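Scroll down for the structure; my scribbles are underneath it.
The values are calculated or read from the model by the stated rules, or taken from the named source; none is laboratory data. Model, not experiment: these values are computed from the prediction. Here the Cβ positions follow ideal geometry from the backbone for every residue, glycine too, while neighbour counts run over all protein chains shown. SASA here: full protein model, heavy atoms, side chains in, ligands and nucleic acids out. Shrake-Rupley method; radii C 1.70, N 1.55, O 1.52, S 1.80 Å.
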Amino acid sequence: MTAAGSRIKRWVGSTAMVLVAVFLALWVAEFGLRLVLHGHLGTTAGNESEWHVPHPTRGWAHRPNAVFRMEKLAYSEVAHINSRGIRGPEFDQTPKPGITRILMVSDSGTFGSGVADDQTTAAQLQRILGNDKFEVINLSVAAYSTVQEYRWLIEDGLSYKPDLVLLGFAPSNDVQTNYYPLQKWFQREAKRPYAKLDAAGQLVIEDQQLNEALERRRTESRLKDRIYDLLVGDMVQKVIRQASQAVTGGRKTDPNIWIGWMMMDDFAMDYARKGRTREQYEQFWREGWQVTGALIKAMRDQSQAAGARFAMWGYVSKVQAEPESLGHLQRSLPKVKFDVAKPERELKALGKQLDIPVIEMLPAVQAAATKGDPKLYFSLGDEHMTAAGHRVVAETLASQLKTMGLLQAP
């Protein structure tokens with residue numbers, strides 16, 4: 001063998017040893033993170049690609065009869081999906097005589113990301129109300145927009161003959177993900193149906209981005225993702241993503257979009273990105289809120305036409321509830337004027353306009369968060385509620401539903 005050949009062979013051998021060492025170090029880190037954060041070495045019992053299936057009108061849906069582990073840096077918990085693709089126990093198509101059926105429609109905040117099946121808002125509300133007269137069904141899916149919630153409600157939810165439909169509105173992302181012009185500035189991947197108003201002011205659902213996303217999923221190879229998953233464990237991937245977002249800002253580079261009109265006293269033009277103007281922000285948020293109002297009105301109309309009452313509440317974000325979280329955000333964005341009570345004010349104004357009862361949630365969650373123990377929200381960068389947070393929401397819902405007379409069958 002020539003000298004050059006020997007050098008190449010040594011270089012290949014050294015490179016292979018380095019790669020093996022890096023591979024082993026990454027998996028040592030993976031198991032170390034699992035032990036330190038979650039107290040176990042087990043891997044996830046199913047991941048998103050296994051418990052989410054493509055859906056032709058909503059983009060994705062729960063895989064029926066799935067069992068999977070929800071795992072982030074802040075939590076590791078197992079969730080069960082029933083045969084109808086809904087989190088929670090099995091139930092009959094038609095409620096039993098004398099039972100008032102409540103249908104909860106929302107996203108991950110009500111689905112219960114990070115908490116056990118019996119600790120979600122729906123499960124705790126069921127315990128508070130009791131099983132003898134009430135049945136609570138959790139028609140919530142992580143990352144759903146109001147458009148997707150509307151479609152699932154009219155496609156399947158109302159066929160379960162609810163007496164009351166409760167919409168959990170997420171002010172931190174629902175408007176952005178309902179309206180495509182805002183979505184383009186909010187997240188990179190447009191993967192869902194979007195809504196707009198036509199020239200006559202009528203609600204129109206657009207499926208172009210949804211169909212393109214479904215086609216990409218059908219045709220694109222996932223070989224690169226599988227290799228990456230083999231080399232880098234799930235927890236290490238989450239650390240890398242979180243570190244990348246902390247350094248680059250991720251999608252959180254323009255507070256006028258990711259915080260936006262829903263929680264700001266005014267647009268902060270010092271942070272405007274890519275030449276965006278005040279007029280653009282005002283137009284897109286005005287139109288996005290109009291579209292969202294039309295969606296909620298359509299949900300109300302469809303629910304009432306099916307014989308059900310309709311009410312809503314606003315999911316309280318970590319920034320709204322925890323002064324320390326708001327303070328941290330304020331220090332990072334000193335020129336933003338926050339108004340954490342604005343989402344509930346706007347939702348109540350919309351409710352008055354549409355004659356929809358709005359359950360006041362913010363004061364109860366703020367009061368409970370001020371006590372500080374137990375914590376209402378997860379740590380390590382996650383903004384979902386803990387079991388204690390879900391309990392506060394369930395207790396507030398139960399109390400106000402009784403006060404407002406919404407628990408009687410219509």
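For this structure, a couple of remarks:
- Amide H within-cut-off set for VAL78, under 5 Å, with H built and near neighbours excluded: MET70
- Ranked by how many other beta carbons lie within 10 Å on average, peptides 159-172, 265-278 from highest: 159-172, 265-278
- Label-to-label distance, THR370 versus ASP132, with points set 7 angstrom from Cα along the beta-carbon direction: 3.7 nm.
- Alpha-carbon centroid distance for the pair segment 62-121 / segment 152-228, whole angstrom: 20
- LEU125 sits with roughly 0 Å² accessible to a 1.4 Å probe, with DNA, RNA and ligands left out of the calculation.
- Whole-angstrom gap from segment 293-316 to segment 256-292, using each part's C-alpha centre: 26
- Spin-label model, GLN93 to SER14: label points 7 Å out along the Cα-to-beta-carbon direction sit 7.1 nm apart.
- Normalised by 2.2 N^0.38 Å, where N is the number of residues, the alpha-carbon radius of gyration of segment 105-261 equals 1.25.
- GNM on the chain, alpha-carbon springs under 10 angstrom: the most fluctuating residue among ALA321, ALA61, ALA16 is ALA16.
- Surrounding net charge for ASP132, when Lys and Arg each add one and Asp and Glu each subtract one, Cβ distance under 14 Å: +3
- Lysine pairs in segment 184-263 whose alpha-carbon atoms fall under 23 angstrom of each other, counting only those eight or more residues apart or on distinct chains, come to 7.
- Highest-first packing order for the peptide set 85-95, 113-123, 381-391 is 113-123, 381-391, 85-95, based on the mean count of other beta carbon atoms within 10 Å.
- For the chain, complete DSSP H runs whose alpha carbons reach 20 Å or more along their own long axis and whose mean Kyte-Doolittle score is -1.0 or higher are 3-33, 234-248, 387-403.
- By the compact-protein rule of thumb, 2.2 N^0.38 Å, the alpha-carbon radius of gyration of segment 87-186 corresponds to a ratio of 1.14.
- The string of couplings for segment 196-205 from the Karplus curve (6.51, -1.76, 1.60, θ = phi - 60°) is 8, 10, 7, 4, 8, x, 8, 5, 10, 9 Hz, one whole number per residue in order, with x for Gly and Pro.
- Remark: the chain carries a charge dipole of roughly 1020 debye about the Cα centre, counting +1 on each Lys and Arg Cβ and -1 on each Asp and Glu Cβ.
- Taking all protein chains as shown and a probe of 1.4 angstrom, HIS55 keeps an accessible surface of around 40 Å².
- For the chain, calculated [θ]222 nm from helices alone, where every DSSP H run of n ≥ 4 adds -39500 (n - 2.57): -14500 deg cm²/dmol
- Other residues within the sphere of radius under 10 Å centred on the Cβ of LEU33, judged by their own Cβ, net out at 0 (K and R +1, D and E -1).
- For ASP339, the residues whose amide H sits under 5 Å from its own are MET264, ASP265, ignoring neighbours fewer than 5 places away on the same chain, with H placed 1.01 Å from N.
- Length gained on full extension, ASP156 to LEU197, computed as 0.36 nm times the residue gap minus the Cα-Cα distance: 12.3 nm.
- Calculated from the structure at hand, Rg and Dmax of the Cα atoms in Å is found among (i) 23.3, 90; (ii) 35.8, 119; (iii) 22.4, 73 as (i).
- Relative contact order, percent, the chain [alpha-carbon distance under 8 Å, six or more residues apart]: 18
- The reciprocal of the average 1/r between distinct C-alpha atoms defines the Kirkwood hydrodynamic radius, which for segment 281-410 equals 16.5 Å.
- Mean Cα-pair separation over length for segment 254-410, i.e. relative contact order, pairs under 8 Å, 6 or more apart, %: 23
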